[in-house]
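The values are calculated or read from the model by the stated rules, or taken from the named source; none is laboratory data. What you see is a predicted model, and the numbers here were worked out from it, not measured in a lab. Counting neighbours? That spans all protein chains shown, and the Cβs are built from the backbone with ideal geometry, glycine included. For accessibility, only protein heavy atoms count, side chains too; no ligands or nucleic acids. Shrake-Rupley method; radii C 1.70, N 1.55, O 1.52, S 1.80 Å.
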Amino acid sequence: MGIDNLMILVVLLSLFCLISSSVLAQQQQNQKLRFDENGEFKILQVADMHYANGKTTLCLDVLPSQKAYCTDLNTTAFIQRMIIAEKPNLIVFTGDNIFGFDSFDSAKSMNAAFAPAIASNIPWVAVLGNHDQEGSLSREGVMKHIVGMKNTLSKLNPPEIHIIDGFGNYNLEVGGVEGTDFENKSVLNLYFLDSGDYSKVLPIPGYDWIKPSQQFWFQRTSAKLQRAYKKGPAPQKEPAPGLAYFHIPLPEYASFDSSNFTGVKQEGNGSDGISSASVNSGFFTTLVGAGDVKAVFTGHDHINDFCGKLTGINLCYAGGFGYHAYGKAGWSRRARVMVASLEKTVKGSWGNVKSIKTWKRLDDQHLTGIDGEVLWSKNSGA
């Protein structure tokens with residue numbers, strides 16, 4: 001084959017790969033999430049995998065009997081077990097998905113970390129934490145790599161917004177059951193935000209926070225979704241419930257003690273065991289003002305796993321999932337599950353969301369379920 005023909009072949013192959021990738025990305029973005037025929041939508045939250053290099057990356061804070069064989073592969077096995085046990089409709093990774101500082105190649109680490117989700121063919125999404133960008137890719141580069149992966153519904157940022165802080169701010173709509181009056185309505189709204197990494201304002205130390213540009217996008221998106229929900233077909237009086245996912249907890253997580261939360265608070269650093277930003281950006285007030293978000297789910301503080309309710313909004317941790325992340329020897333790694341259930345209409349078909357429940361599973365022999373609770377119920381309004 002001549003040089004000219006070879007060059008043409010290379011160009012054609014490159015063009016084919018580019019088109020195929022673009023088509024795949026478009027198909028993924030157009031994929032519709034909806035409640036299943038049993039009137040349920042289940043989300044598996046995976047927080048703080050801290051994945052690095054697979055079998056050569058050792059575990060942290062495990063029992064002496066575990067140290068000889070424990071690696072990143074234990075994190076992989078845990079995800080696989082959780083997917084099989086819970087069969088979620090969506091998997092949400094809430095940041096520090098990889099531990100960039102220890103990773104030899106950030107892209108390869110992400111490929112390995114998300115591999116069980118991809119293999120399951122279940123839709124999945126991710127947001128960034130404060131460690132994802134500490135390797136061979138920038139923060140933007142990490143999120144771009146995630147967006148290009150198979151089966152993900154993650155987005156780099158809202159396409160309609162030209163200026164917004166961070167990477168990985170987006171929302172997803174979950175439609176009602178197919179064949180019902182609610183099949184073309186978003187009966188559950190999911191918001192994903194980039195809570196940043198570290199403060200860029202020199203006089204202010206510590207972790208980053210959700211900025212005004214992100215809050216404005218959230219407010220506008222929430223208002224738009226609420227308007228659509230209250231119009232036909234099947235117009236509703238109240239907004240559809242929303243859930244928010246990001247990495248770093250809000251300062252309001254420090255509002256709870258053992259008398260008014262479910263789970264544990266064991267962190268010794270930060271304000272009252274909460275490693276939030278040292279300034280309050282007002283996002284909790286923005287959430288309350290919007291009126292649709294019923295629960296916030298974060299990670300970051302690995303040995304906190306509680307849920308507490310403040311001003312009508314549940315503030316929940318998932319608890320640390322990954323084995324190359326700090327933890328507490330003898331305290332099992334864990335994952336949080338959320339399930340939203342629909343009510344039956346007077347016609348006997350599935351309607352809108354009736355309740356939102358949550359529980360956690362431990363990475364022990366039986367994947368023990370703990371701390372089951374109702375976060376929100378339509379009838380009680382709480």
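Order the following by accessible area, largest value first: E160, E37, E343, E140. Probe radius 1.4 Å; ligands, DNA and RNA are ignored.
The ordering from most to least exposed comes out as E37, E160, E140, E343.
Label the range 30-101 by shape, choosing from rounded, prolate and oblate, from the square roots a ≥ b ≥ c of the eigenvalues of the Cα gyration tensor; if a/c is under 1.5 it is rounded, and otherwise prolate applies when a/b is larger than b/c, oblate when it is not.
The shape class here is prolate.
Hey, can you list the DSSP H helices of the chain whose Cα span along the axis is 20 Å or longer and whose average Kyte-Doolittle score is at least -0.5?
3-30, 72-86
If we count chymotrypsin sites (Phe, Trp or Tyr not before Pro) as exposed when they sit in a DSSP loop and have at most 15 other beta carbons within 10 Å, what is the longest stretch of the chain that avoids them all?
105-325
Determine the percent antiparallel among the DSSP beta bridges restricted to the chain, to the nearest 5.
Close to 60 percent.
Answer with a single label: of (i) 19.7; (ii) 22.3; (iii) 18.2, which was calculated as mean projected area of the Cα convex hull in nm² from the structure in view?
Only one listed value fits the structure, namely (ii).
In the range 169-238, which GluC sites (Glu not before Pro) fall in coil by DSSP and have 16 or fewer other Cβ atoms within 10 Å?
Of the GluC sites (Glu not before Pro), the ones in loops of the range 169-238 whose Cβ has at most 16 other Cβ atoms within 10 Å are E178.
Please work out how much length the chain gains when fully extended from A223 to N111, using 0.36 nm per residue of separation minus the C-alpha to C-alpha distance, in nm with one decimal.
Extra length available between A223 and N111 comes to 36.7 nm.
Considering the options F284, P251, P123, tell which one lies farthest towards the positive end of the dipole of the range 47-380, charges being +1 on Lys and Arg and -1 on Asp and Glu at the Cβ, about the Cα centre.
Of the options given, the answer is P123.
Which value, in debye to the nearest 20, gives the size of the charge dipole of the range 47-380 about its Cα centre, when Lys and Arg are +1 and Asp and Glu are -1 at the Cβ?
For the range 47-380, the charge dipole is close to 1020 debye.
Can you send over the carbon and sulfur percentage of the accessible area for the range 182-293, probe radius 1.4 Å, protein chains only?
That fraction is 55 percent.
Within the chain, what's the longest stretch lacking trypsin sites (Lys or Arg not before Pro) that sit in DSSP loops with no more than 11 other Cβ atoms inside 10 Å?
1-199
For D36 and V346, compute 0.36 nm times the residue count separating them, minus their Cα-Cα distance, and round to one decimal in nm.
Difference between extended and current length: 109.7 nm.
Which one of T358, T368, T152 has the biggest mean-square fluctuation once the chain is modelled by GNM with Cα springs under 10 Å?
Comparing T358, T368, T152 in the GNM, the peak value goes to T368.
L73 to E238: FRET efficiency via 1/(1 + (r/R0)^6), r the Cβ-Cβ distance, R0 45 Å, to the nearest 0.05?
In this case the efficiency is close to 0.45.
Per residue, how much accessible area does the range 262-375 show when a 1.4 Å probe rolls over the protein heavy atoms, in square angstrom?
Accessible area per residue, the range 262-375: 35 Å².
What number, in nm² with one decimal, is the all-direction average of the projected area of the convex hull of the alpha-carbon atoms of the range 206-266?
Mean projected area of the Cα convex hull: 6.6 nm².
Using the Kirkwood radius over C-alpha pairs as Rh, can you work out the diffusion coefficient of the range 79-150 via Stokes-Einstein at 25 °C, viscosity 0.890 mPa s, in µm² per second?
198
Which whole-Hz couplings ³J(HN,Hα) result when phi for each residue of the range 329-336 is put into the Karplus expression 6.51 cos²θ - 1.76 cosθ + 1.60, θ = phi - 60°, listed in order with x for Gly and Pro?
Taking θ as phi minus 60°, the curve returns 4, x, 9, 4, 4, 8, 9, 10 Hz for the range 329-336.
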